[in-house]
Amino acid sequence: MILLRVSLFFIVLLLLPDWYIYKVYIKYIQHKWQKRLYWLPTVLLLMVLLVFIVAHDSLHDAFGIYLIVTLCVAVPKLVFVLCDILMKVLRKFLRIPLFGKTVSSVVAIVTLAYLLFGAIKGKEYFQVKQVVFSSPDLPESFDGYRILQLSDIHAGSWKGNAEALRRAVEICNAQYPDLAVFTGDLVNSRADEIKEFMPVLSKLRAKDGVFSVLGNHDYATYVQWDSEADRLANIDTLLARQEQMGWKMLMNDHQILHCGNDSIALIGVENSGKPPFPDRGDLPRAQKGTEGMFKVLLSHDPTHWRRSVLPDTDIQLMLAGHTHDMQINLFGFSFSQFIYPEHKGLYLEGQRGLYVNIGLGYVLFPMRLGAWPEITVITLRRK
């Protein structure tokens with residue numbers, strides 16, 4: 001279903017700009033073979049798309065590369081068309097020559113360069129976000145306490161590129177956090193994806209340790225298994241490997257953190273998402289024994305905040321991931337905002353907060369554009 005929706009989007013993205021450019025410019029070329037040659041890239045891309053639709057299971061790993069190539073062909077054309085229309089409108093009202101075709105071509109070339117940067121370097125363009133969360137409920141000893149948050153590593157997408165994750169871990173350790181947390185989606189599906197990166201990720205350090213929860217991809221529902229027992233065994237293996245890395249798993253459980261004479265509760269739940277995502281989170285069980293304490297919740301899906309956390313608990317701060325900000329954010333705009341009301345950054349309701357980390361890794365297509373891979377440092381402050 002996802003592949004079909006993506007396919008329809010790319011068919012429209014390919015055909016509409018080509019139709020405009022052909023009608024306005026190409027059809028006036030005298031040589032028929034040149035007119036036909038113009039359509040060749042689009043025809044080839046649509047033929048390859050048909051192959052992916054028919055045999056997507058066996059070609060799944062190559063689909064991301066196809067998406068990048070298609071974006072690099074279609075998006076500059078779309079930008080050219082939009083600029084060309086804008087220049088024609090401006091020329092009509094201003095009644096001066098604006099060199100519309102030249103300007104539109106330059107903007108399209110710049111757009112192509114930006115897309116190539118996102119595909120080649122953007123997915124490794126690690127950004128450290130410094131965030132402050134203030135609460136009157138925070139114990140005095142924790143004023144200034146620093147939590148480093150990672151999310152959505154998607155290890156299978158980094159295959160053969162452990163060096164990039166090594167650099168990310170070095171950046172994390174250079175923040176000298178009091179606590180490090182990971183808010184889910186360590187792998188795309190299979191626990192074996194993490195084997196290559198265990199020596200690297202085991203070097204992540206924080207004074208009070210590294211804690212982790214599961215995300216929707218960690219339940220391995222996106223691949224075919226010979227049996228349900230095999231899928232469940234895969235989850236057990238993933239849990240065991242995180243423990244081997246020194247990451248403490250919170251499976252509807254909590255950990256009490258101490259500083260001076262004070263303490264706060266770190267709560268972690270299994271993925272709690274709306275269909276079709278798994279809903280395994282058990283908040284009552286996870287926070288039992290933390291009554292009256294300042295609480296930080298790790299929960300992968302940000303929709304959990306409004307569904308259960310705000311109405312049913314007194315948890316002061318929730319940390320989530322999941323959205324990736326759809327890996328593309330241009331001038332502050334991302335399509336993720338139409339799906340997730342809270343899709344990136346810090347959100348507040350009164351004295352309570354949610355932080356959505358847009359992830360360190362990538363999935364489906366190997367690109368990040370504007371929605372750069374994120375390492376978050378959250379400083380707790382007492383109001």
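The values are calculated or read from the model by the stated rules, or taken from the named source; none is laboratory data. All of these numbers come straight from a predicted model, not from anything done at the bench. Glycine also receives a Cβ, built like all others from the backbone with ideal geometry; neighbour counts cover every protein chain displayed. Heavy atoms of the whole protein, side chains included, go into the accessibility calculation; ligands, DNA and RNA do not. Shrake-Rupley method; radii C 1.70, N 1.55, O 1.52, S 1.80 Å.
Brief remarks follow.
- If you filter region 72-92 down to residues that are among the basic types (Lys, Arg) and modelled with pLDDT under 90, you find that the one that is least open to solvent (accessible area, probe 1.4 Å) is Lys88.
- Elements of the type strands (runs of 3 or more DSSP E) sitting completely within region 188-276 and holding at least 1 residues that are within 30 Å of Leu310 (Cα to Cα) and of a type in the set (Lys, Arg): these cover 247-249.
- Residue check for Val377: surrounded by 21 or more Cβ atoms within 10 Å (Cβ to Cβ) and either over 30 Å from Leu112 (Cβ atoms) or at pLDDT 95 or above (or both): no
- Residue among Val106, Val128, Val54, Val69 that is over 24 Å from Trp19 (Cα atoms) and at pLDDT 90 or above: Val128
- Selection from region 181-193 of residues that are in contact with a Ser or Thr (Cβ under 9 Å, 6 or more places away or on another chain) and of a type in the set (A, V, I, L, M): Val181, Leu186, Ala191
- Matching residues in region 297-339 - criterion: being open to solvent by less than 30 Å² (accessible area, probe 1.4 Å), modelled with pLDDT of 95 or more and in a loop (DSSP other than H, G, I, E, B): Ser299, His300, Asp301, Pro302, Thr313, Ile315, Gln316, Gly321, His322, Thr323
- Residue in region 358-383 that is farthest from Ala320 (Cα to Cα), counting only those that are of a type in the set (Val, Ile, Thr) and assigned to a strand (DSSP E or B): Thr379
- Only listed residue being within 27 Å of Asn329 (Cβ to Cβ), surrounded by 14 or more Cβ atoms within 10 Å (Cβ to Cβ), modelled with pLDDT of 95 or more and not charged (D, E, K, R), chosen from Leu165, Leu115, Leu138: Leu165
- Scanning region 143-162 for residues that are farther than 17 Å from Ile358 by Cβ and either β-branched (Val, Ile, Thr) or open to solvent by 20 Å² or more (accessible area, probe 1.4 Å) (or both) gives Asp143, Gly144, Arg146, Gly156, Lys159, Gly160, Asn161, Ala162.
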